[in-house]
Amino acid sequence: AIPKHLRGNPGACLAVVMQAIEWRLSPFAVANKSYSVNDRLAYESQLIQAVILQRAPIVGRFKVDYYGEGANRRCRVWATLKDTKEIVEYTSPTIATIPVKNSPLWKGDPDQQLFYYSGRALCRRHFPDVILGVYAREELEERDPEDARDITPTRSLSDKLDRLANGGEPREGVTGVGSVDPAN
């Protein structure tokens, strides 16, 4: 009744049991919806959605709408807050632009996976305390370093930022963001 990634790992078992107690769920159910990814516990999206619906400060369940087709498919989820009755919402990126898609549902039932993705993102944006420290497998997968973008400011951008910060003129001895005249 214990998944392979938890066998012989008392620390991971304890983590699952403690998480299950906090969520008021069966430790065996939580264990069976858990994975080990890069030496961290991850949980199936189905379990994360159940936790969100149980603990989020919303009335009822998420409402959902889909639009677009194929790689351009998107999902919008929304819910009503219990206290203010305000509606909070999240719209997913297109399927084509979601970088990690390891669940077989992305091919077999993309609407379901888009719903899981969007519900999780809505929760992280509007009430992160509900699933703080809890991740789905796709959130923990390492990305290919070839897909990384260099975001280092260029010299001209550094100079522009410096001028903006100093009333239009660069400070003497400052050559860019993070550079300081050693004499000062």
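Points to keep in mind about this one:
- Residue check, Ala79 out of contact with any Phe, Trp or Tyr (no Cβ under 9 Å at 6 or more places or on another chain), at pLDDT 95 or above and either crowded, with 16+ Cβ neighbours inside 10 Å or of a type in the set (Asp, Glu) (or both): no
- Restricting attention to the range 121-147 and to residues that are open to solvent by less than 20 Å² (accessible area, probe 1.4 Å) and over 16 Å from Ile87 (Cα atoms), the residue that is modelled with the lowest pLDDT turns out to be Ala136.
- Answer residue from the range 1-57, given it is within 20 Å of Cys123 (Cβ to Cβ) and among the acidic types (Asp, Glu) and is least open to solvent (accessible area, probe 1.4 Å) among those: Glu44
- Pick from the range 102-114, criterion touching a residue at least 24 places away in the same chain (Cβ under 8 Å) and under 16 Å from Gly68 (Cβ atoms), ranking: surrounded by the fewest Cβ atoms within 10 Å (Cβ to Cβ): Asp111
- Residues in the range 94-101 include none that are open to solvent by less than 70 Å² (accessible area, probe 1.4 Å) and within 16 Å of Ile131 (Cβ to Cβ).
- Matching option when the condition is assigned to a helix (DSSP H, G or I) and among the hydroxyl-bearing types (Ser, Thr, Tyr), among Tyr66, Tyr90, Tyr116: Tyr116
- Tallying residues that are over 26 Å from Trp78 (Cα atoms), small (Gly, Ala, Ser) and part of a strand (DSSP E or B) within the range 1-52 yields 2.
The values are calculated or read from the model by the stated rules, or taken from the named source; none is laboratory data. None of these values were measured; they are calculated from a predicted model. So basically every Cβ, Gly included, is an ideal-geometry build from the backbone, and we count neighbours across all protein chains shown. Keep in mind that these areas ignore ligands, DNA and RNA; they rest on the heavy atoms of the full protein, side chains included. Shrake-Rupley method; radii C 1.70, N 1.55, O 1.52, S 1.80 Å.
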